[in-house]
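J.: The structure is given below, and queries will be raised subsequently.
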Amino acid sequence: MNNLSFNINDFAKFKQLKQQISMLTAYDYYSAQILEEAGINTILVGDSLGMVIQGNHDTIGVTLDEIVYHTKAVRNGARNTFVIADMPYLTYHTDTKDTIKNAGRLIIEGGANAVKVEINHLNTIKHIEALISAQIPVIGHIGLTPQSVNMFGGFKIQGKNEQQRKHILEIVKQLEHSGICSVVLECMPHQLAEEITQLLSIPTIGIGSGIFCDGQVLVFHDVFGFNQTTPKFVKKYMDANTLIKNAVRQYIADLQGMQPSINVSVN
Ligand code: KIV
């Protein structure tokens, strides 16, 4: 882990050099290995695993133990890549001591290099400051933060009206001040994402927020086409669903071809 191809200092360096930061999610050993071998900058063990691994409708039910488990697998597959583990719902909202303990598990047991925290309320900032003073690197996440789905009344683009825009800008300024190394901007108007990107000295990583960010993140199963339906902003780089289905059909056909012909011998 001392041999990271991209480390915490590279977030700022990439922004200065106007070099895009690449991030994809992964949840298991082989996917992580493939991403590392292909040269990805950072891997996110996202709580999106609640949807794409577990088949749930949202990320609310994902547990800390589950993120620890998947982070370990990803770390084993990608020993030289900067790995970020998501802090699940209610593991960083209530108490500062618990927040540090929970994030500590992701770093110590999971082997992550940083944690990602969704922020939709200024109250959360004090927990983030505590993490940073405990020497745990933090990536922020604002905009359509999926853990706030019940507060938003559904998965809705955030920052569309002036009140939401001001709220997001207020949070993001305080976040930068707290010492986070980067911030994910999810599903907000591209004009707002561009404004934030220009305002901050730390890099922004966009998802569904247009091209004017300092990097992009997407969900593994969306990008490689495991899902039949993906969000509109996702560019599919492969159609794994069809490829795997055809391979399974071929496997079944091969097995049928191997069936020994029935010998009816009459003695
Ligand atoms: O959980 C996740 O995968 C995420 C990304 C979509 C940013 O938070």
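The values are calculated or read from the model by the stated rules, or taken from the named source; none is laboratory data. This is a predicted model, so every value here is computed, not measured. Every residue, glycine among them, receives a Cβ derived from its backbone with ideal geometry; neighbour counts consider all protein chains shown. Accessible surface areas use protein heavy atoms only, side chains included; no ligands, DNA or RNA. Shrake-Rupley method; radii C 1.70, N 1.55, O 1.52, S 1.80 Å.
J.: Relative contact order of region 9-241: what whole-number percent is it, with Cα pairs under 8 angstrom and at least 6 residues apart?
T.: Rounded, it is 18 percent for region 9-241.
J.: If you don't mind, another one. Quick check for you: with a 1.4 Å probe and neighbouring chains kept, what is the accessible area per residue of the chain, in Å²? Show your work: numbers first, answer last.
T.: On the way: 13990 Å² over 267 residues.
Here the per-residue accessible area is 52 Å².
J.: Only Cα pairs within less than 10 Å get springs; with that Gaussian network setup on the chain, which residue of A78, A193, A247 has the largest fluctuation?
T.: A247
J.: Using the alpha-carbon centroid of each, what span in Å lies between region 233-256 and region 115-189?
T.: 38
J.: Now, a different point. Rounded to a whole number, what % of the accessible area of the chain do carbon and sulfur atoms account for, probe 1.4 Å? Each step should come with its number before you reach the end.
T.: Working: 7610 of 13990 Å².
Whole-percent figure for carbon plus sulfur exposure: 54.
J.: Right, something else. Over the residues of region 1-124, compute the C-alpha Rg and express it relative to 2.2 N^0.38 Å.
T.: Dividing the Cα radius of gyration by 2.2 N^0.38 Å gives 1.05.
J.: Follow-up. Give me the distance in nm between label points sitting 7 Å out from Cα along the Cα-to-Cβ direction at A247 and T96, one decimal.
T.: Calculated label separation equals 5.0 nm.
J.: Hey, got the Cα dimensions of region 1-55 along the principal axes, in Å, largest first?
T.: That gives 39, 20, 18 Å along the principal axes, largest extent first.
J.: With N denoting the number of residues in region 108-176, provide Rg(C-alpha) divided by 2.2 N^0.38 Å, to two decimal places.
T.: 1.21
J.: Pulled fully out, how much extra length does the chain show between H57 and K160, if you take 0.36 nm times their separation in residues and subtract their Cα-Cα distance? Spell out each step's value before the answer.
T.: Numbers: separation 103, 0.36 × 103 = 37.08 nm, distance 2.41 nm.
Contour length minus Cα-Cα distance gives 34.7 nm.
J.: Provide Rg over Rh for region 139-220; use the alpha carbon set for both Rg and the Kirkwood Rh (inverse mean inverse pair distance). The partial results should precede the final answer.
T.: Numbers: Rg = 11.6 Å, Rh = 12.5 Å.
Computed over Cα atoms, the ratio is 0.93.
J.: What is the sum of charges, Lys and Arg at +1 and Asp and Glu at -1, for the other residues whose Cβ falls under 15 Å from the Cβ of N56?
T.: Around N56, the surrounding residues sum to -4.
J.: Separate question: Ranked highest first by the average count of other Cβ atoms within 10 Å around their residues, in what order do 232-243, 29-40, 207-218 fall?
T.: In decreasing order of mean packing, 232-243, 29-40, 207-218 become 207-218, 29-40, 232-243.
J.: Cross-link candidates for K235: which aspartates and glutamates have Cα within less than 16 Å, leaving aside residues fewer than 8 places away along the same chain?
T.: Within reach: E186, D222.
J.: Continuing with this model, one more query. Mind listing P(r) for the chain? All alpha-carbon pairs, 5 Å bins, whole percents.
T.: Histogram of Cα-Cα distances, whole percents per bin: 1, 6, 12, 17, 19, 17, 11, 5, 3, 2, 2, 2, 1, 1, 1, 1, 0, 0, 0.
J.: Between region 1-52 and region 204-228, how far is it from one alpha carbon centroid to the other, in angstrom?
T.: 13
J.: Let's see if you can work this out: charge +1 on each Lys and Arg Cβ, -1 on each Asp and Glu Cβ, no other charges. What is the dipole magnitude of the chain about its Cα centre, in debye to the nearest 20?
T.: Once rounded to the nearest 20, the dipole reads 260 debye.
J.: Got a sec? Charge dipole of the chain, +1 on Cβ for Lys and Arg, -1 for Asp and Glu; which of I142, L64, V83 is way out at the positive end?
T.: Comparing the listed Cα positions along the dipole, I142 ranks first.
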